[in-house]
1. Identify, among GLN294, HIS389, ALA372, the residue whose Cα sits farthest towards the positive end of the charge dipole of region 287-392, taking +1 on the Cβ of Lys and Arg and -1 on the Cβ of Asp and Glu, with the dipole about the Cα centre.
2. Go through region 294-347 and name the GluC sites (Glu not before Pro) that are in a DSSP coil and have 15 or fewer other Cβ atoms within 10 Å of their Cβ.
3. Taking only Cα atoms of region 495-538, what ratio of Rg to Rh do you get with Rh as the Kirkwood inverse-distance radius?
4. Tell me which of THR550, TYR115, GLY418 sits at the most positive position along the dipole axis of the chain, charges placed on C-beta atoms (Lys, Arg +1; Asp, Glu -1).
5. Compare LYS21, LYS35, LYS295 by solvent-accessible area with a 1.4 Å probe and give them largest first, with all protein chains kept in place.
6. Could you work out the equivalent-ellipsoid semi-axes for region 1-138, taking the square root of 5 times each eigenvalue of the Cα gyration tensor, largest first, in whole Å?
7. Please report the projected area of region 140-278's Cα convex hull averaged over all directions, in nm².
8. For the chain, just give the cysteines left without a disulfide-compatible partner, judged by no other Cys Cβ under 4.7 Å.
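The values are calculated or read from the model by the stated rules, or taken from the named source; none is laboratory data. If you're wondering where the values come from, they're calculated on a predicted model, not measured in any experiment. Methodologically, a virtual Cβ is constructed for each residue, glycine included, from the backbone with ideal geometry; neighbour enumeration extends over all protein chains shown. We work out accessible area using only protein heavy atoms, side chains counted, and drop any ligands, DNA or RNA first. Shrake-Rupley method; radii C 1.70, N 1.55, O 1.52, S 1.80 Å.
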Amino acid sequence: MGIDADTKAALLEKYRAERDKRLRPEGNAQYLRLKGQLSYYLEDPYTPRAEREPVTDHVTVAFIGAGFAGLVTGARLVEAGITDVRLIDKAGDVGGTWYWNRYPGAQCDTASMVYMPLLEETGHMPSEKYAHAPEILGHCQRIASQYGLYEQALFHTEVTGLVWDGERSVWVVRTDRGDEFTAAFLAMGTGPLHVPKLPGIPGLESFAGHSFHTSRWDYDYTGGDPTGAPLDRLGDKRVGLIGTGATSVQCVPHLARACRELYVFQRTPSSVDVRANHPIDPEWFATISTPGWQKRWLENFCANQTGGMAEEDLVQDGWTDLARRIRSKIAELPPDERTPAGMLAAFEDADFEKMEEIRARVDSVVSDSATAEKLKAWYRQLCKRPCFHDEYLQAYNEPGVTLVDTGGQGVERITERGVVVAGVEYELDCIIYASGFEVGSAYTERAGYDPVGRDGVRLSDYWADGMRTLHGIHVNGFPNLFVVQPTQGANLISNVPHNLTESGTTIAAVIQHAIDEGAAEVEVTADAEEAWLDLLGSGAGRMLGSPDCTPGYYNNEGRPPLPHQRLNVGYPHGAMAYFRYLDEWRRSGAFDGLEFRWVT
Ligand code: NDP
């Protein structure tokens with residue numbers, strides 16, 4: 001299907017108009033931080049808090065965050081013979097996002113075979129192409145048990161202070177449980193989406209009914225459980241769900257089946273493509289799971305995603321489909337049109353076609369044409385997190401389900417009785433906030449601690465004008481400290497765990513080298529860090545969310561990037577090239593750019 005110039009112009013105009021009506025002058029300030037009176041929204045509904053004595057010992061490695069980042073780094077350290085590893089997490093167990101997000105229907109959006117880390121090492125076969133949350137949480141627990149990471153772990157513990165002690169070459173770690181211990185090496189992998197946020201809707205605190213955030217699902221109230229058992233206490237309830245992002249898309253079908261009435265309050269529709277989940281066949285799995293299989297799958301997915309010329313597509317899903325379409329459009333270009341402008345046009349064409357298909361899918365599924373119209377997404381697919389589901393759109397055909405579209409304006413007000421949109425009050429027993437997580441705030445603000453490095457420099461000051469690292473991992477002025485996250489590295493957003501596993505492998509190699517050599521300190525030099533930033537700056541810039549996209553957390557709510565987001569970019573030659581480069585960097589044993597120091 002080709003798209004002619006007039007249609008393209010009309011679509012672009014529609015995209016612009018839809019975006020403009022969503023722009024809000026407050027940007028990120030429109031959201032509420034969950035503190036003070038609102039802090040009860042953060043309470044852990046899953047694990048009771050156990051009292052314990054403060055810890056005052058010394059460990060070789062302390063890791064803040066017991067999600068995928070901490071688990072894969074911990075596993076790689078243990079494989080390297082460094083077993084004295086302590087994970088610290090505010091949650092009651094390992095799992096990170098999979099600890100908190102237990103809402104009904106939660107499942108991974110990237111294929112389990114590449115999304116779930118260390119499958120080969122643990123011998124686990126995912127049960128489905130897109131595994132559900134309980135299996136992923138179970139896998140996190142499997143990794144922690146297999147690698148002995150529970151032994152030293154501190155749960156329901158928030159770090160409050162991190163100070164480098166240059167005299168002793170250790171980090172002093174303080175927590176809200178009165179702990180004060182030292183660590184020879186310290187790593188942080190807290191993920192970008194660990195602080196839930198609420199929309200700043202007037203009257204939010206006046207609602208007299210029940211309410212909770214999706215990342216703290218209240219099964220006592222709804223009935224059911226994270227495995228998908230029916231939410232059997234909602235049969236007489238009128239429930240309002242605020243938000244239509246990736247979380248909402250997954251839990252709406254469950255609520256639609258259970259509630260007497262469900263009102264979904266929409267500001268911007270998500271693009272919802274086909275999911276096509278299916279069980280994984282053990283016989284098939286046995287044929288493909290030969291040694292090195294997961295690395296092959298990871299590399300194949302990454303190559304298909306990021307424009308590599310992989311001959312086959314092992315994963316075959318919505319992520320690789322878009323990339324394949326773009327490649328074939330570019331291949332169709334006559335040689336003299338293979339210019340940057342020609343490639344951009346090919347990319348746009350592929351995206352227009354894909355989004356037209358996704359919009360046509362809404363019409364084919366949703367019976368009420370007015371509702372169908374409101375569920376159509378008018379922006380480029382990667383402007384917002386692409387969603388995939390085979391029951392979400394169908395839920396709007398259920399008699400008790402109402403889509404309340406706010407025309408891009410958001411909910412007007414919350415009253416004691418319910419939610420008001422365009423002057424109409426919807427009376428509710430319960431409001432569920434599928435309103436997402438803080439992203440625009442500075443890293444240290446979200447973390448709740450601010451590492452103090454060499455010469456008393458705070459990380460927030462060092463990063464005031466933007467993140468500064470080598471490989472997204474090492475920070476000058478912060479010896480023996482490592483950060484685990486995708487930015488300034490591969491920046492592969494479609495499969496974040498791939499980035500984390502590579503970082504974990506790197507950190508284990510660096511710490512092992514320091515220990516083997518008897519070095520007390522390791523730190524990136526200022527020159528190496530500067531050179532890395534120069535290299536990043538030579539690339540095309542931010543991958544996600546240009547300001548002309550519909551507003552959201554990908555693009556600072558439709559505003560130009562904040563100064564500290566300027567350097568939130570990846571390796572200019574792409575994710576595949578980055579992983580190859582990092583592998584060679586590690587294997588060479590020279591650890592170029594790092595300075596190892598022997599303290600006398
Ligand atoms: P999002 O931030 O994506 O969605 C928040 C929703 O709340 C949006 O629909 C937003 O509208 C809406 N909202 C905010 N303020 C208002 C308001 N005043 N009135 C009405 N609506 C409002 O959060 P999610 O939890 O859905 O997802 C966050 C991220 O977590 C995803 O992008 C994804 O990266 C990850 N995730 C991954 C999953 C997976 O891999 N399986 C599943 C779920 C989440 P608007 O769009 O207009 O801002």
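1. Of the listed residues, the answer is GLN294.
2. Passing sites in region 294-347 are GLU311, GLU312.
3. That ratio equals 1.09.
4. Farthest towards the positive end: GLY418.
5. Per-residue accessible area, sorted high to low, gives LYS35, LYS295, LYS21.
6. Ellipsoid semi-axes (Å, largest first): 40, 25, 16.
7. 13.5 nm²
8. CYS108, CYS140, CYS251, CYS259, CYS302, CYS387, CYS430, each lacking another Cys Cβ under 4.7 Å.
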